[in-house]
Every structure is written in C-alpha cells, then in structure tokens.
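Heads up, the thing below is written out as structure tokens.
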Amino acid sequence: MIEVAITEERAELAASFADLLQRVEALEAGAATQIVKKNKLTIIAWGGDLDRIWPTTILATTAAASGMESSVFFTFWGLFAIVKPGVRITGENWMQKMMSVMNPGSAQKAKLSHYQFLGAGPAMFKKLADDHRVAKPEELIATAQDLGVRLIPCQMTMDLLGLRREDLLDGLEEPIGAATAIAEMRDAAVSLFI
Amino acid sequence: MITATTVDAKGQSCPGPLVSLAKALQKAAPGDLFELLATDPGSRSDVPSWADLSGNELLESSTLEDGTYRYLIRKAA
C-alpha cells in the first residue's frame, strides 16, 4: 500500500519536473530572440538639404551630450553633406561628375528644400542662425565628432556616386552596408530617418 | 565648501547650452557641481530633459533678476 503511494508520487514528481524543464527551455529560446535596446540614437541621414542636415546634426549632438550613444548613417544625398569643403567635382564618369556638380559637397554648401532662391534662402537662414547663435551644421558635425558621435558613410552610395574615402571628412567610421545599418538601428532605442 | 563651476551659455541657442555643459562635465569628477547660465527659453524644458537622459542631477533651477536662467547641476557618480 505504502509502496504504491510512493511510486505514484514519484511519477507525479517526474511529470512536473519534465514540465518545468520544458518551460525553462521555452523561456531560454525566447530570451535568445529578444532584442535588447540600448540607450542610443541612430539617424539615417538620407537628405542632404540644409533643412534636413541641420536637425540631423542637432539631434545627434544633443543625444551624445545627454550621455546617449549616437550614430549617423549617411546615405544618398546625405553623403554630400560629409564631403570635405574643398572637394569640388567627384566621381569617375560624367554621370557621377554631373551629380557632384548638381550637389556641391560639404554641409557649408547644402541647399534648402524650400526657399532656395538661388542661394539667398540659405544665406538668410544662416544670418538668422548667427543672430540667434545657433550652431551651423558644419560646426555641429565637428561638435558631434568631438562628443563621440559615430558618423558612418554608406558604402553602396559611395560607389554609386563615385565618392572616395578621401573625398569625405576625416574622422569618419569605416563605410558600412544596409545590414550593418539595420543592426545599428535595431539596438537603438531611438532610430530616425531624416 | 564646495564651489560650482560656472558654464556661461548666455546667448546660445539649442543645443548650445547643453553641448557647453556636456563638454564641461567631461573633464569633471563625479559629484562636481556646475552652474549653467542660459538665456535660451528652450533650456527650461531641455535642461530637466537632459538631466533625465544623462542621469546627472538638476538640483535647482531659477531665473535671475536680469532674466537669465540659472541651473545648478551635480555630475552623476
């Protein structure tokens, strides 16, 4: 009689142990696929317009100043904003060269998306910025680098536009591709496309 | 007596005051006190947000007689 009771108890114990093991395994599998977000801001800088590159550099700099990790991935028109100021015509073939003439490099030469007025718009904007002591994008880029913001060029766009590493500002990260950019965004608590 | 280092960011606009403050804090030791002076009205919301994000402590905020905003900050341990 006692023996039967003990056997039953053992069977029950074994069953609940197996159940527990299963649950632990399920939890572990879940944890492996879970994404852990970092206190980090990642911006995809697609636009090279003055009115895009400006907020991009303000936000990236402010995040770094607030103790957050901060990175900016420059792709398409955004890439022209990190061309060295002195560099004029870039590219190997006439199409790439034409692109560089249409999109003069460096943040200093960035155009407004509205009210360009043949350059009068940006000049007025910068005058207002001076009056209000708002740092300009090129100054913010330097501050960003100073505060440890990682500025990352897009390899594919560099190839497409014929931009070489030496055409771009010093102190940038190594160029990366789309998958690495997604990895940057995946672990950032805040990611933006500007 | 602990004295606060003054960061004068008067006249600077967003994000100037925070950048000046962050740069001053980089070289400081945990627990160091800073007095930030700013005229940017945006700093009234931005300095508390910055403290929240960065984990540094905003001990006091006040407006001086000339309208300057004054913030007392302690660097996080």
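Every number here is computed from the coordinates shown, using simple stated rules; none is lab data. The structure presented is a predicted model; accordingly, all values stated were derived computationally and were not measured. Positions of Cβ are generated from backbone atoms using ideal geometry, with glycine treated the same way; all protein chains shown enter the neighbour counts.
Work out the mean other chain Cβ neighbour count within 10 Å for the residues of A:128-141 and drop it here as an integer.
Mean shielding by partner chains, rounded to a whole number: 2.
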Separation between Cα centres of region A:1-63 and region A:109-172, rounded to whole Å
38 Å
Measure nothing fancy, just the Cα-based angle from helix A:2-33's long axis to the longest principal axis of chain A, in degrees from 0 to 90, nearest 10.
0 degrees
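Within 10 Å of each residue's Cβ, count the other Cβ atoms and sort A:His132, A:His114 from fewest upward.
By the 10 Å Cβ count, ascending: A:His114, A:His132.
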Once every DSSP H run of n ≥ 4 in chain B is given -39500 (n - 2.57) and the sum is divided by its residues, what mean residue ellipticity at 222 nm do you get, rounded to the nearest 500 deg cm²/dmol?
-9000 deg cm²/dmol
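For region A:38-193, give me the percentage of DSSP beta bridges that are antiparallel, rounded to the nearest 5 percent.
Antiparallel bridges: around 5 percent, rounded to the nearest 5.
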Can you give the angle from 0 to 90° between the axis of helix B:16-26 and the longest principal axis of chain B, with both taken from C-alpha atoms, to the nearest 10?
10 degrees
How shielded is A:58-70 by partner chains, expressed as the average number of their Cβ atoms within 10 Å of its Cβ atoms?
5
Counted charge near A:Gly105, where neighbours are those whose Cβ lies closer than 13 Å (Asp, Glu -1; Lys, Arg +1)
+3
Note on chain B, DSSP bridge orientation, antiparallel percent to nearest 5 equals 70 percent
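Arranged from highest to lowest average of other beta-carbon atoms within 10 Å per residue, in what order do the peptides A:87-94, A:100-107 appear? Don't skip to the end; give the middle numbers.
Details: A:87-94: 13.8, A:100-107: 18.2.
By packing density, highest mean first, the sequence is A:100-107, A:87-94.
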Burial ordering of B:Cys14, A:Cys154, fewest other beta-carbon atoms within 10 Å first
B:Cys14, A:Cys154
May I ask you to list the GluC sites (Glu not before Pro) in region B:12-70 that are in a DSSP loop and have at most 15 other Cβ atoms within 10 Å of their Cβ?
B:Glu65
Looking at this model, which pairs from A:Lys37/A:Lys109; A:Lys37/A:Lys84; A:Lys38/B:Lys75; A:Lys126/B:Lys27; A:Lys40/A:Lys136 are more than 29 angstrom apart at the alpha-carbon?
A:Lys37/A:Lys109; A:Lys37/A:Lys84; A:Lys126/B:Lys27
Charge-dipole axis of region A:3-45 as Lys and Arg at +1 and Asp and Glu at -1 on Cβ define it, positive-most pick from A:Ile44, A:Ile6, A:Leu27:
A:Ile44
When a/c reaches 1.5 or more, the comparison of a/b and b/c decides; with that in mind, is the protein assembly as shown rounded, prolate or oblate per its Cα gyration tensor?
oblate
For region B:5-74, build the charge dipole from Cβ charges (+1 Lys, Arg; -1 Asp, Glu) around the Cα centre, then report which of B:Thr68, B:Gly11, B:Ala28 sits farthest towards its positive end.
B:Ala28
Just add up the charged neighbours of A:Val72: K/R +1, D/E -1, any other residue whose Cβ is under 10 Å from the Cβ of A:Val72.
-1
Among beta bridges that DSSP assigns inside the protein assembly as shown, antiparallel share in %, nearest 5
40 percent
Estimated FRET transfer efficiency (A:Ala120, B:Ala76; beta-carbon r; R0 41 Å; 0.05):
0.35
Under 13 Å from the Cβ of A:Ala120, count the other residues' Cβ atoms, weight Lys and Arg +1, Asp and Glu -1, and hand me the total.
+3
